[in-house]
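Trainee: Got a structure for you, written out below as structure tokens; questions coming shortly.
Computed from the coordinates by the stated procedures, all read-outs in this text should not be read as laboratory data. What you are looking at is a predicted structure, and each value in this text was computed from that prediction instead of being measured. Heads up, the Cβs are rebuilt from the backbone with ideal geometry, glycines too, and the neighbour counts pull from every protein chain shown.
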Amino acid sequence: MTSPEGAVLPGQWRRRRWSPGGPATPRRRRSAARRPRQRSAAAAGDPEADPEVDDGVVLRRIREAREDLRVSDFWSSALETINKCLMKHLEQLDAPVGTLSEAIGSLHLNSSPDGLGAAPGCIPGETLGTGACGWKCVCYGIGSFATCVIARTQLAFLLLFLEKCQIPRSHCWVYDPLFSQLEIAVLTTLGEAECVWEPTVFYMLHCGTALYNNLLWSNWSADALSKMVIIGNSFRGLEERLLTRILQKNYAYVAQVLEGLEEQAFPQTAQYSDVFNDTSVHWFPVQKLKQLPTDTWASREEPDYRDCEDLEIIRSQAGASAAGPRP
């Protein structure tokens, strides 16, 4: 299978749509505070070790998580937050933004045999206004969704997001070296196809700081960054938690772009506090990027994390570094 046009992936990372691989992916150290449905004891380990867990079971669990999320107050609030940010982002791309129905365009999410297609009663006017722009989506670090409730809920959120944005699943890439063969089969069932890179949403919940830094490095120009939206850990939160010298030394691209971005935090609810905590929508207005010092774009040195503690990424080979795809 070929990689997307324009992808930059140093090192021997396996690449698939809706499958594992891609850039270095964070190790997950979170636990689920809320478990909507009881899972079997075997689900805590390898899903393929349990003969009762097959792709049908996992798809059903994803469907249930998706429906739980869709009817929650959190989803409607998060949808409103994303909508406001994407509409602002569309303005700088000279895209039609008018009313939501005018901005939708002609892209539609096809229904699929797994039953995870458009929600019943979905009203076009309620869909996010991004379809006319040919958006793509890249997801990093979703984790082992066959065994982890948090990862499964985050995947359910991604499916709802694609639907509301009218981004076909065939235009979404999912990467994680933690995926089992069962999870690869499930993601393959959800859909895949060829496409070219255009304005891109990167869905990167609770990823390591190095992965965000790599993504910025591989797209280090005002033109490329202005086409990106990142849904992931709050960059402002990273700035607050890390010592300035550590941020500037180990995550230089994150440090340099802080004055060139806009950020809107996700709503917080007790129901999904462990799933979407510290999550924000980030975009990079052209005017802000142009106001950065002229030497900001001069250096394109590859990040070096050899002296970095608590890196929280998984590498396919020792000493390798990785960059994310370009929009």
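Trainee: Distance in nm between label sites at Q268 and R306, each 7 Å beyond Cα in the beta-carbon direction?
Mentor: 4.0
Trainee: What does a probe at T244 reach in segment 254-272, counting residues whose amide N is under 16 Å from the point 7 Å along Cα→Cβ?
Mentor: Counting backbone N atoms under 16 Å from the label point, the list is 255-259.
Trainee: Could you give each residue of segment 203-211 its phi-based ³J(HN,Hα) in whole Hz, using Karplus coefficients 6.51, -1.76, 1.60 with θ = phi - 60°, and x for Gly or Pro?
Mentor: 9, 9, 7, 6, 8, x, 4, 4, 5
Trainee: Return the distance in nm (one decimal) between the two label points of a simple spin-label model at D54 and E80, each offset 7 Å from Cα along Cα→Cβ.
Mentor: For the pair D54/E80, the computed spacing is 4.4 nm.
Trainee: Taking H placed 1.01 Å from N in the peptide plane, check which residues at least 5 places from F202 or on another chain put their amide H under 5 Å from its amide H.
Mentor: When sequence neighbours closer than 5 places are left aside, the close amide H contacts are V138, V229, I230, I231.
Trainee: Still on this structure: Suppose R0 equals 35 Å. What FRET efficiency, 1/(1 + (r/R0)^6) with r the Cβ-Cβ distance, do Q291 and V71 give to the nearest 0.05? Don't skip to the end; give the middle numbers.
Mentor: Working: r = 43 Å, r/R0 = 1.22.
FRET efficiency, Q291 to V71: 0.25.
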